[in-house]
Each structure stands twice: as C-alpha cells, then as structure tokens.
C-alpha cells in the first residue's frame, strides 16, 4: 500500500528518469526506511518525550494496579479556578494522560480538579493516586538522562552513520535527476564515501556563532577550502539540496542571499544550535537593515576519512538533539524544587486563560470590527424606517466601482474610501448583482454619503475614550485587572524561567517575587513622598524605565538591595532575543550587540520616537563607552493599575500624531494579543524559556520530530505570522493542520475583517474580495473545537 502511494506522489523529475534510476532510488528509500525502523527500535521510548511518558505511565499502572493500559486512550480533564479582581476565571483543559503527566501538577493549594476517563481506566487510578505518583516522579528530568544514555550506545551511533551515508546517496541521485548537479559532482561525492582520502568534508558556520550550522556539509579537495566544491544543504531556501560550485565563494554568496528573505532567515535559524539563536536573531536583524553587515562564514575541515567525518557529523547532530531538549528541561529546572516546577505549570495554565480572555471579554475591539458594526447599524436603521427589520451583513453587500472591481460595503467604510457618481450616464457606483437580496430598500446615494460622512476613525477614538478609559463603564474594572493580571503572571513566569536557566540566583529570584507581589496592591498615596528619589538613598522597588526622559512602555527596572549593594534588573517582555530579564548595565550592549534598539524604539510614544531614534542610532554606532540609563525622579511604580490607561492613551496619542493609519495601529495591538494567545493556548510541554522559539523546540522534543524540519511546516506552526499568511491566502481547507487548529485561530481573531487587517499589518498586502468571501464561509462552518475552554464568572 505504502509503495502504491509513493508511486502516485512521485515528482515529474522521477517520472522522467530511466527504469534503472527509478529502481536505484526506490531501493535506497527502502533501505533507509528499514534503518530508521531499526533505529526507533534501539531508541525505544526515548524516540520522543511523549513515548517516554507513555512508557513510564504503563510501568506504573502495571506495578500499582496490575493493569496493561494505553495512556493515550485515557483522558485527563482538568478544572482550575482563580480570581481576577472580583471575578472568577475557570479554565478547563482536556489532555490525554500521556500529555498531562508531562504538563505536570499545579502547586499545593492550587491544584486543579482532575477527572480521568476511558475504557482502559483501571480501578484505583484517580486524582489522588495520580498526584501521589507524580509527587515522586519527574518524567522530564528522567527523559533528559535516558536520552543521553541511549544515544551514547555505539550501535545507535553506527546506525545513524549508515543512515547519513545512505541519505546522502539518495539525495545525490535526486539532485542529478533534477539537473541540480552534474554526474561529475555526483562521482566526486561518491569517491569521498568510497574512502578517497584526498577528498575532505567540512562543516559551515556563520562567523561569530559558536557552532556550525546543522546538516550543511562541503566536499572539496583536502587542504583546499577555496576551490571547486560540492555542498550538501538539505531542503535549502534555494529549492535544492545539493550545489555544485566552482569555488567556495559561490555558495557563500548563495547563503548570504538567504538572509534577504524571511524564508531564508528562518532556515538559517533552524540550522543554528539553540545556544547561538540569540546571536543569530541579532545578527540577521542587522543584516536585514544593512546587508553590508554580512560577516561571512567559517569553514571547519573535518579530520580523517569518510567514516570519521560522518561520525563527527552524527556526533554533532546528537549534540544538537541534546541542546534542543535542554531548552525544555534545563539543569536549573531539573535541580529546582518540585513546588517551583508546579508553580510554573500553574502560571502557564493561568496565562492561557488570561490570554483567552484578552481575545474575548477584555479584548480591544479591532477597528475593522468597529467599522463593520457601525455601518451595519446605520444600514439596519435606514431599512427599519421602511418597516424592514432584517439583519444585514455588510460583508455580503458588494459595491461595483467604475474601475470594474468590487468592494464590500464593510471594506468601503473600513478604508474610508470616499466615492461619487462616475462613468457613462453616471451608472457607477452601483450595487453588484451578487448582493441583490441584501439591499432591497437601500439607495446607493446613501452609501455614497456614508463613504464621506460616517468617519469611523473619529468615532473609534471617541469610543475608546467613552468605553476603554471611562472608569464608570461596566467593563473598565475588568480591563484594568486583566491587563495587570497578565503582566504580573508574565513577570512571575519570567523570574522562574531565568532561575531555571541559571541566569538568576535564588536570592535575586526571591527578591523579585517579593517586588512583583507588592504590585498587586496600590501604594497609599498619603505615604508617597512628593519627590521620590531612586538614589538618595537607593530604594528597592519596581521602576518605570525611561530613555532621554521618555517612557518606554511595559519595560521596568527591578531594584533590590543586599548589604547596601544595589542590583538593577531590566525587565524586557517579549524582547527579540528571548531574554525577559538582564542586568541594567547590559542595556547599552543589548542595543549595540543584541539588536534591541528597535524594540525600545517601538515602545515609546510616536511624539518621542525622533528623540529616541537619534539616541539609539548614536548608541549603535558609537565606539566610546556609553553611560547606563539612570532611574528617573518619581519613576517608582506605586499604582500598577494605571498601566492599562497608559496603554490606551498611547494609542490615542499616536493616532493624534497621525503616524500610521488607525487601522494599522489597532491591528498591531490586536495582532500582539492574538500571537501571544496562539503561542500558549495549545502548550502541552511548557518550555523553560519564554521565547516563541522555545515553544517551537518544545513541540519537536515532545513529538520526537525536528520542529524545524523544512518538509513539515505543521510541526513548526507556532510562528503565528506564517499561520496567519497561510490562513488568509490558502484556498478553503488548504491550511496545514487540523480543522481544530483553524477553528482556534478563527476564534482568536474573531471576524473576517479583523483577519484582513491583521494580514495587511503582517505582510503589507491586502486580501481580495473573493478570498474574504471564502473565509467568511469557512469561518461559519468551523466551530471552535479542542480541549481548552475559558469561562469568566
């Protein structure tokens, strides 16, 4: 059956090949498949963390209950409640038992209710027995050790070397059949694999990185790293796996060209070791702005013959596997107290709930949705005057313009596109026949008038002031508590993450936790000094961060004192290098060497951006020592609840400065909320790191797949921007992943016009009317599914 499917999926270049070549290619595929089956047998349960969890549960069930079970057939339904101001949040999740064991218990006093269900559920396996067992188990830490034990087996490494050699032969033949390389290049590589000592294999790395790029190998004459060469770069952005080059610089230029595209940079990041990804993020970011920042590549010629070279490559790839697993289960995590690991799991659960609320009850309504509701209300009001009380969908009312294109009534208003009569005999604009049933009783002259006078942008700003900044509004208290709740949870999780990664001492961690807890209660104004000096004398607390007297929104300084010594930690949430905490004295280096200048620039009001832009530019180019920013007078946070109003006021200020369109500004905020929700809503294995890439790596470790495998985009679907683009542009039903994945994303975004706005914000392109109509249909057909629900009482 598998062979028949393979034949049906064969590409054109394979079909054109001779019978002998096809047979040779198919034989190699079969041998590799057998080798991979043998490898899985040797690795056993460490093939993936999920398999390992399954094995542990099975052993326990057999020992404790005398039962043979399949943990993937037992459901663990959890119910967790916590307070958000005066409201109660209920988070319900459904896991298979395998995944729940990896996710872990919450800390004592905050345990979820757990209900286990399934036909294979043995008597005695319930919440109490499960909690007792998990109290003495750390499956993730056990996997860390067993993974290394199995991969140290010489037989495993021998099979990996065989697979590497045969995969080289397979892809080499494919490259010749696709005319990517010549027969001469193929023979050159084959000679190396037959033991020709005059041919050397070399690894490629980016200058400045500590490790070579995974999988990229150069074949050249030994001792000659500049001349003719053949390069192996599997599934590269150039659309091929093999390159034949007259000299090394040809491929170096090819690799440099990849940095100019998002696809190419993504490939380079996936081939970089986790330890190098902070550097690569900064380096590639600099190249995007200034291509002359390209620093070239480094080449390491491997010693010995082909056997030793392949062993070196396999050993390096195994170290890559270890490094990615270490992202999810660091030494600090493995050696931490059980209560801290359990608290980390609870923070993940509660953040999931808070982000869901942020996309629903506490969301910032998108400009597109507001404009849609505005024109819908106006149309229905006009129709009601004629006795027609029908519900109208402005997305279904199509306006035909003189240019020959159609535009929906909702998009006409969203874009504030003023129209007038035109064309021969003034026949345009007019209602399209497609929308005839929806416009009975509506006059095109009314639409023309609305396009000029409705002014949805002005009305949106008025709505923000009346609803989002009005303390007497019924939703105001919820929005304030929600905004504060998310920030406090993220601060707690960031502190734990830094502790687990060994970048924060136990003493500093406890100091930070104490400071975060104090933010829950606003300081009594009568106790506040009129002039609160941060340094006379130094005072502990959380401080707003300013550059050139300009507030950097959402960035704070945690100051602690120990025996008179001041420690300032800069809190940088969602920073591009993945570090949420760093010593304040590293600020200048973070701008000069980690590429955080744009991050800080984007977090100040538009009216301050010219000043901050100049300041950042001077820091980036200066060769002299620059002073660390000082804490400002009265910058200590005494009323953390005000951070919500400050965020909304910044939106209004930026619109008043007429920087970008209102739609772009609001789309950016909605996009931020949705991407954060999408990154946590389906987490099974909470990674120790806080960066989005850490979530991706965790998915790969969990499933035993390479989360960065170019051929498996669904496995690396956490990159929300890619998901958004594929969701918006693919044909109906073409999005990779399950219907549940699409439904989850639709439910987070909410409506097709908001999706269109986010797509434009992310890509600079616009969706056509036809695709928007397809999306509307798809959204109606897909009800949200999955194992997570959030209720606010």
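Side notes on the structure shown:
- Mean-position separation - Cα centroids, the stretch 579-643 and the stretch 532-568, in angstrom: 13 Å
- For the stretch 429-554, diffusion coefficient by Stokes-Einstein and Kirkwood Rh (Cα), 20 °C, 1.002 mPa s, µm²/s: 105 µm²/s
- Full extension of the chain segment joining residue 183 with residue 247 gains 21.3 nm, where the gain is 0.36 nm per residue of separation less the Cα-Cα distance.
- Legend: calculated FRET efficiency, residue 593 to residue 301, from the Cβ-Cβ distance at R0 = 30 Å, rounded to 0.05, equals 0.55.
- Computed from the C-alpha gyration tensor, the three semi-axes of the ellipsoid equivalent to the stretch 179-322 are 25, 18, 13 Å, from longest to shortest.
- Segment residue 462-residue 509, extension gain: residue separation times 0.36 nm, minus the distance between their alpha carbons: 12.6 nm
- For the stretch 56-95 versus the stretch 266-345, the gap between their alpha-carbon centres in whole angstrom: 33 Å
- Take each peptide in 373-381, 590-598, count the other Cβ atoms within 10 Å of every residue, and average; sorted highest first, the result is 590-598, 373-381.
- Rg then Dmax, both in Å and based on the Cα atoms of the stretch 200-285: 12.6, 35.
- For the stretch 476-650: rounded, prolate or oblate by the Cα gyration tensor [a/c cutoff 1.5]: rounded
- Computed from label points 7 Å out along Cα-Cβ, the spacing between residue 289 and residue 566 is 2.9 nm.
- Model label zone, residue 221; criterion: amide N under 12 Å from point 7 Å along Cα-to-beta-carbon; scope the stretch 293-326: none
- Using a Förster distance of 56 Å, the FRET efficiency for residue 81-residue 191 (Cβ separation, nearest 0.05): 0.25
- Paired Rg and Dmax values of the stretch 48-137, which use every Cα atom, in angstrom: 13.9, 47
- Between the C-alpha center of the stretch 438-513 and that of the stretch 161-238 there is a gap of 52 Å.
- Full-extension gain in nm, residue 340 to residue 90, via 0.36 nm per residue minus C-alpha separation: 87.8 nm
- Residue order, fewest to most beta carbons within 10 Å, for 386, 78, 292: 292, 386, 78
- Cβ-based exposure ranking for 605, 491, in which fewest neighbours within 10 Å come first: 605, 491
- Taking other C-beta atoms within 10 angstrom as a stand-in for reagent exposure, 258, 204 fall in the order 258, 204, fewest first.
Since every read-out is calculated from the coordinates, none of them should be taken as a lab result. Nothing here was measured: the structure is a model prediction, and the numbers come from that model. Quick reminder, even Gly has a Cβ in these numbers, built from the backbone with ideal geometry, and neighbours come from all protein chains shown.
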